[in-house]
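Q: Let me begin by handing over the structure; questions about it come next.
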Amino acid sequence: MTKTIDGRGLEPPKPFELTMEALADLKPGEQMTLLLDRMPWPLFRILDRDGYRHSNQVRDDGVVEIRILAP
């Protein structure tokens, strides 16, 4: 099952806090999707450091969609 965090329209640091809480609940091999208004560059560094695989794209509607896979 894929969990989705919709952080669009939320003020920082709320999207980051929601993401970190969701990551803590992911089991190895599970994934989540994060929807944001902008690229979360600091989050990418944390994901890389902690061994999460991730990909991102900017959709046609301008939403940043990030898929995160737990190690």
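Q: Put +1 on the Cβ of every Lys and Arg and -1 on every Asp and Glu Cβ in the chain; which of Gly9, Tyr52, Leu36 then has its Cα farthest towards the positive end of the dipole?
A: Farthest towards the positive pole: Tyr52.
Q: Where does region 2-69 land on Rg(C-alpha)/(2.2 N^0.38 Å)?
A: 1.02
Q: Moving on. What angle do you read, to the nearest 10 degrees and between 0 and 90, between the alpha-carbon axis of helix 14-25 and the longest principal axis of the chain?
A: That helix lies at roughly 20 degrees to the long axis.
Q: Which whole-number percent is the relative contact order of the chain (Cα, under 8 Å, 6+ apart)?
A: Answer for the chain is 35 percent.
Q: Also: So for the pair Asp60, Asp25, with labels modelled 7 Å out along Cα→Cβ, what separation do we get in nm?
A: Placing both labels 7 Å beyond Cα along the Cβ direction yields 3.2 nm.
Q: Ok, one more. Distance in nm between label sites at Arg8 and Thr33, each 7 Å beyond Cα in the beta-carbon direction?
A: 1.1
Just so you know, all these numbers are worked out from the coordinates, no wet-lab data involved. Here the structure is a predicted model, which is why all the values come from computation and not from measurement. Because the Cβ atoms are built from the backbone with ideal geometry, glycine has one as well, and the counts that use them run over all protein chains shown.
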